[in-house]
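Participant: Please see the structure below; I have some questions.
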There are 2 protein chains.
Amino acid sequence: MSAIETTVQATVRQALALALPGGGQLLVAVSGGADSLCLLHALCALALELGLALHVAHLDHGLRAASAADAAWVGALCADWELPCTLGHCEVRVLAERGRLSLEDAARQARYSFLARVARQVGARAVAVGHTADDQAETVLLHLLRGAGLEGLAGMAPDARWPLPDERGADRLRLLRPLLTLTRAETEAYCAAAGLLPRQDESNRDPAYTRNRVRLELLPLLRELNPGITATLGRTAQVIAGEVAALQSIELKVWAAMAAEESGGVRLARTVFEQQAVGLQRRLLRRAVAVLASLHDLTWEQVEAARRIALAGRTGACASLPHGLRLRVGYGWLWIEPAQLAADRDWPTLAQPMQLHIPGEATLAAGWRLTAQQLARAELPDDWATTREPWVAYLDADAVGCDVLLRARRPGDWLVPLGLGGRQKLSDLLINVKMPAVCREALPLVLVGEAIAWVVGVRCDQRFAVTDHTERVCVLRVARDVEG
Amino acid sequence: MSAIETTVQATVRQALALALPGGGQLLVAVSGGADSLCLLHALCALALELGLALHVAHLDHGLRAASAADAAWVGALCADWELPCTLGHCEVRVLAERGRLSLEDAARQARYSFLARVARQVGARAVAVGHTADDQAETVLLHLLRGAGLEGLAGMAPDARWPLPDERGADRLRLLRPLLTLTRAETEAYCAAAGLLPRQDESNRDPAYTRNRVRLELLPLLRELNPGITATLGRTAQVIAGEVAALQSIELKVWAAMAAEESGGVRLARTVFEQQAVGLQRRLLRRAVAVLASLHDLTWEQVEAARRIALAGRTGACASLPHGLRLRVGYGWLWIEPAQLAADRDWPTLAQPMQLHIPGEATLAAGWRLTAQQLARAELPDDWATTREPWVAYLDADAVGCDVLLRARRPGDWLVPLGLGGRQKLSDLLINVKMPAVCREALPLVLVGEAIAWVVGVRCDQRFAVTDHTERVCVLRVARDVEG
């Protein structure tokens with residue numbers, strides 16, 4: 001066996017021993033080019049030793065004149081090598097138009113969808129593809145050109161989760177790249193040494209594809225500046241993959257400690273958010289959007305604007321996010337929630353406890369005010385007892401006195417809701433009236449001494465209600481100046 | 001004022017308001033090119049508003065024929081604008097030869113050293129330089145070409161620590177880059193609008209400098225593939241700087257929880273190390289090397305080899321690191337330490353407690369064995385009491401009995417060291433005999449019941465010593481099979 005065959009097979013052996021230590025059914029994606037042909041040949045040579053049962057898959061993308069001949073060639077090769085083989089065909093051009101995708105994206109989706117289907121059919125837990133160090137370098141550069149962020153610069157993993165997570169069975173399917181540390185030249189040398197005649201894909205030279213320009217123009221220039229650029233980029237991808245793993249594990253921990261899904265939104269603990277390093281703040285906001293909708297259409301500018309508003313910390317302030325979401329700064333929490341839902345539940349909120357003298361006025365958060373006045377019983381409007389305007393409360397002025405406290409709720413709060421005839425926990429009341437959890441935290445309460453007199457916008461307390469004996473009435477009213 | 005002047009001055013205003021909110025003395029590095037001239041002009045326009053007292057510094061690197069004329073030109077400009085100015089001169093070629101540095105590295109060192117000195121002299125806490133978004137894009141690409149890792153891809157920060165940390169006063173000096181989000185074309189447009197005639201540095205076109213090839217060849221090609229590449233790379237740098245900040249803060253926390261400097265080495269808690277994501281494991285190993293020596297000469301391969309050996313976890317295994325350091329897998333700890341020091345202190349270690357029946361043999365870690373036999377008093381060698389062979393102990397066999405326990409030390413351990421005549425804490429004994437702390441943790445102790453009979457290699461206990469009444473002697477001996 002030639003030196004190159006030994007090298008390649010040792011690399012493939014190591015990768016498979018790590019990824020599939022027990023062996024088993026393995027699907028091999030074979031285009032017929034040097035990379036995948038080299039991979040298939042090496043896997044065949046090692047199959048017995050590694051306990052692998054191989055199955056070949058080839059998808060004719062219908063994009064080139066020669067593609068049907070390539071498919072037939074792979075089929076004949078498999079017959080010759082006595083390997084089970086599934087040939088597929090699709091019209092990528094049609095898929096691209098239908099899905100408004102680029103040809104490259106449509107081809108990728110069609111290919112991985114096909115491979116997942118065949119893997120299910122043959123019972124394979126893993127699919128091996130022929131990506132090399134050159135493909136890795138191109139991928140890193142393409143992501144750099146696109147501004148794809150750290151996860152993009154990590155390139156392709158040697159043992160990855162399935163790239164189409166929504167595909168049926170994708171959670172149990174892995175994508176293996178045993179050749180990722182070998183160069184394309186090495187796979188070509190392997191084919192030559194093993195007497196294999198790979199197919200040529202003429203579209204690999206079409207400058208309409210950015211990847212081809214990266215391979216044919218950018219990489220040769222970079223190679224002049226650093227002859228080892230392929231290895232350098234592969235190393236960089238590996239370094240960054242490690243850093244990404246560290247960041248993701250931290251992100252997960254912080255998320256678990258400070259985030260919760262509630263009432264169709266996500267809430268993040270504000271102080272914990274503020275303490276995080278910039279990169280984690282960005283990640284937490286992105287994750288919140290991903291949990292509620294998707295990262296699609298989320299721009300850097302949106303993340304940064306949301307982050308700035310979150311850090312400025314003005315209660316009630318909002319920032320727009322895609323998919324109809326917004327970030328809203330609450331008291332103690334940051335809410336990422338549907339903007340519509342949030343509008344439905346615009347309730348007054350209280351930033352901190354405050355005293356209110358009657359008559360008088362208190363400024364609440366986000367443009368809300370609470371005014372208190374005293375009227376003689378006779379001055380009340382006729383329909384005072386029947387209108388159910390939630391933002392006004394009529395209380396017995398003598399029971400209330402001249403000073404009340406405004407505060408948010410605390411554990412253990414209770415009241416005697418008007419009309420209920422008995423004591424009730426505040427938390428139960430708020431659930432009964434179906435107040436969204438998002439609004440409960442900073443909802444203002446009006447207290448007389450230790451007793452809740454009015455749960456603003458929700459219910460008065462029986463003990464402070466206007467009765468037949470009431471002579472003077474305390475009128476409490478909340479209103480909003482402007483859209484906050 | 002033209003639109004470009006408004007834009008540039010707004011950018012500089014925002015940067016300075018953030019970096020030096022109270023204003024104060026600011027040193028401005030001015031080469032005379034468009035970037036630094038634009039910066040100086042904008043700073044002059046804003047100095048009163050921002051409370052800045054400006055001082056200009058220019059270093060003649062002595063590399064170009066025109067450099068003395070450039071220096072004179074900057075001096076004349078400052079006289080004209082009534083700005084205090086310090087002109088410096090050095091021979092970078094000489095410095096490069098003397099320090100075996102590239103011209104670029106030598107120039108950079110000379111420049112930042114000069115700027116730090118002038119900043120000290122004029123009492124400036126910050127130095128502003130004219131780096132633009134184009135410089136940032138070039139820097140990111142240069143670091144990518146070099147494989148500089150994540151910190152390199154973060155490029156230049158708008159408000160950075162001093163780049164030469166060993167310079168006197170460097171810990172209090174900051175490097176500001178107010179133009180970092182503006183392009184070079186914008187600084188040129190600003191100069192044109194403000195009627196400024198910047199100097200041209202012909203060495204900016206010299207293809208001998210990699211940076212020039214990046215600017216003149218690589219970036220134009222990238223711009224064909226992505227017309228917004230400068231902004232994309234600037235964004236990428238900013239994203240990565242945020243991620244790096246997150247990683248560094250986590251690294252610091254994990255380090256504080258699991259690392260300690262001791263006896264000229266660093267020890268890392270093994271289980272904590274194993275639980276970290278790959279990127280953090282690499283960072284912890286690099287930090288350990290940086291703490292003891294420097295990151296210079298530490299290769300990726302060394303870090304990966306050390307990491308693999310650490311994770312394999314065979315007690316006693318070692319990996320080479322630069323600067324004469326090595327990683328050694330200890331019981332419960334990973335040691336990064338001078339290999340020489342480590343060799344001086346090759347002591348037996350115990351991986352876990354074990355019973356030993358006498359006569360019999362116990363296998364210790366890293367190829368060490370402990371054998372126990374019983375001899376009649378008469379069988380002892382003549383010199384048994386006078387030789388001070390540390391790896392052999394002679395005890396009273398009847399005092400010892402037939403079963404001993406081997407274990408590592410525990411808090412509160414004590415013994416009655418032979419010859420001392422009284423009880424002593426084991427920890428004090430080990431300090432007195434100057435045993436390196438690194439060896440103490442897993443040093444085997446031989447116990448009879450609860451009592452320490454032999455601190456292996458160090459001292460016997462008086463209570464188990466051979467006396468005139470001893471009839472049978474228990475001989476304990478440790479030896480090493482192979483280099484572990």
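The values are calculated or read from the model by the stated rules, or taken from the named source; none is laboratory data. Computed from a predicted model, the values in this text were never measured in an experiment. Backbone-built Cβ (ideal geometry, glycine too); neighbour counts: all protein chains shown. For the accessible areas, the whole protein counts, side chains as well, though only heavy atoms, and no ligand, DNA or RNA atoms are used. Shrake-Rupley method; radii C 1.70, N 1.55, O 1.52, S 1.80 Å.
Participant: Test of understanding: among B:23, B:62, B:51, which residue is open to solvent by less than 10 Å² (accessible area, probe 1.4 Å) and at positive phi?
Facilitator: Of the residues listed, the single one that is open to solvent by less than 10 Å² (accessible area, probe 1.4 Å) and at positive phi is B:23.
Participant: Check B:278, B:289 and return the single one that is under 28 Å from residue A:241 (Cβ atoms), surrounded by 22 or more Cβ atoms within 10 Å (Cβ to Cβ) and out of contact with any Phe, Trp or Tyr (no Cβ under 8 Å at 6 or more places or on another chain).
Facilitator: B:289
Participant: Mind listing whichever residues of the stretch A:445-461 are of a type in the set (A, V, I, L, M, F, W, C), open to solvent by 10 Å² or more (accessible area, probe 1.4 Å) and under 15 Å from residue A:410 (Cβ atoms)?
Facilitator: A:451
Participant: Considering only helices (runs of 4 or more DSSP H) fully contained in the stretch A:127-224, which possess at least 3 residues that are open to solvent by 30 Å² or more (accessible area, probe 1.4 Å) and among the aliphatic types (A, V, I, L, M)?
Facilitator: By residue number, A:184-193.
Participant: From the list B:125, B:100, which one is more than 14 Å from chain A (Cβ to nearest Cβ) and within 25 Å of the chain's Cα centre (by Cα)?
Facilitator: Answer to the check: B:100.
Participant: Would you pick out the residues in the stretch A:186-217 that are in contact (Cβ under 8 Å) with a residue 12 or more places away in the chain and among the aliphatic types (A, V, I, L, M)?
Facilitator: A:189, A:193, A:194, A:196, A:214, listed by residue number.
Participant: What is the number of the single condition among (1) within 20 Å of residue B:104 (Cβ to Cβ); (2) under 37 Å from the mean Cα position of the chain (by Cα); (3) open to solvent by less than 20 Å² (accessible area, probe 1.4 Å) that residue B:39 does not meet?
Facilitator: Result: residue B:39 passes all but (1).
Participant: Mind checking whether some residue in the stretch A:301-314 is touching a Cys at 6+ places or on another chain (Cβ under 8 Å), more than 14 Å from chain B (Cβ to nearest Cβ) and open to solvent by 30 Å² or more (accessible area, probe 1.4 Å)?
Facilitator: Within the stretch A:301-314, one or more residues are touching a Cys at 6+ places or on another chain (Cβ under 8 Å), more than 14 Å from chain B (Cβ to nearest Cβ) and open to solvent by 30 Å² or more (accessible area, probe 1.4 Å).
Participant: Continuing with this model, one more query. Pick out, from the stretch A:381-484, the strands (runs of 3 or more DSSP E) lying fully within it that include 3 or more residues that are touching a strand residue (DSSP E or B) at 6+ places or on another chain (Cβ under 9 Å) and within 30 Å of residue A:270 (Cα to Cα).
Facilitator: A:403-407, A:445-448, A:451-455, A:472-480
Participant: OK, next. What single numbered condition from (1) without any contact (Cβ under 8 Å) to a residue 40 or more places away in the chain; (2) surrounded by 14 or more Cβ atoms within 10 Å (Cβ to Cβ); (3) not acidic (Asp, Glu) fails to hold for residue B:273?
Facilitator: The single condition residue B:273 does not satisfy is (1).
Participant: While we're looking at this one, here's another question. Does the stretch A:467-484 hold any residues that are at pLDDT below 90 and open to solvent by less than 10 Å² (accessible area, probe 1.4 Å), and which are they?
Facilitator: Result: A:470, A:478.
Participant: Also, I was wondering about something else. Can you work out which of the residues in the stretch A:276-306 that are of a type in the set (S, T, N, Q) and touching a residue at least 24 places away in the same chain (Cβ under 8 Å) is nearest to residue B:253 (Cα to Cα)?
Facilitator: A:281
Participant: List the number of the failed condition for residue B:111; all other conditions in (1) buried (at least 21 other Cβ atoms within 10 Å of the Cβ); (2) without any contact (Cβ under 8 Å) to a residue 40 or more places away in the chain; (3) of a type in the set (Lys, Arg) hold.
Facilitator: Failing condition for residue B:111: (2).
Participant: If you go through the stretch A:240-257 one residue at a time, how many are more than 13 Å from chain B (Cβ to nearest Cβ) and crowded, with 23+ Cβ neighbours inside 10 Å?
Facilitator: 0
Participant: Taking the stated definitions as given, is residue A:438 modelled with pLDDT under 85 and surrounded by fewer than 15 Cβ atoms within 10 Å (Cβ to Cβ)?
Facilitator: Here the answer is no, as residue A:438 does not meet what is asked.
Yes or no, residue by residue, for (1) in contact with a Lys or Arg (Cβ under 7 Å, 6 or more places away or on another chain); (2) closer than 24 Å to residue A:204 by Cα; (3) of a type in the set (Val, Ile, Thr):
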residue	(1), (2), (3)
A:29	no, yes, no
A:51	no, no, no
A:66	no, yes, no
A:70	yes, yes, no
A:81	no, no, no
A:84	no, no, no
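Participant: Going by the conditions given, is residue A:70 in contact (Cβ under 8 Å) with a residue 60 or more places away in the chain and of a type in the set (D, E, K, R)?
Facilitator: yes
Participant: Return yes or no: is residue B:73 closer than 17 Å to residue B:195 by Cβ and surrounded by fewer than 16 Cβ atoms within 10 Å (Cβ to Cβ)?
Facilitator: Considered against the rule, which asks whether it is closer than 17 Å to residue B:195 by Cβ and surrounded by fewer than 16 Cβ atoms within 10 Å (Cβ to Cβ), residue B:73 comes out as no.
Participant: Checking residue B:14 against (1) open to solvent by 50 Å² or more (accessible area, probe 1.4 Å); (2) closer than 19 Å to residue B:187 by Cβ; (3) outside any helix (DSSP H, G or I), only one condition comes out false. Which one?
Facilitator: Just one mismatch for residue B:14, condition (3).
Participant: For the stretch B:259-287, which residues satisfy the criterion of being farther than 26 Å from residue A:157 by Cα, of a type in the set (A, V, I, L, M) and touching a Lys or Arg at 6+ places or on another chain (Cβ under 9 Å)?
Facilitator: B:259, B:260, B:266
Participant: Might you check whether a residue that is at the interface with another protein chain (Cβ under 8 Å from one of its Cβ atoms), crowded, with 16+ Cβ neighbours inside 10 Å and in contact (Cβ under 8 Å) with a residue 24 or more places away in the chain occurs anywhere in the stretch A:258-268?
Facilitator: no
Participant: Is one or more of the residues making up the stretch A:226-238 away from chain B (no Cβ under 13 Å), open to solvent by 30 Å² or more (accessible area, probe 1.4 Å) and of a type in the set (A, V, I, L, M)?
Facilitator: Checked the stretch A:226-238: no residue is away from chain B (no Cβ under 13 Å), open to solvent by 30 Å² or more (accessible area, probe 1.4 Å) and of a type in the set (A, V, I, L, M).
Participant: If you don't mind, another one. Pick from A:365, A:372, A:399: which is surrounded by 13 or more Cβ atoms within 10 Å (Cβ to Cβ), under 20 Å from residue A:477 (Cβ atoms) and under 42 Å from the mean Cα position of the chain (by Cα)?
Facilitator: When all the criteria are applied, what remains is A:365.
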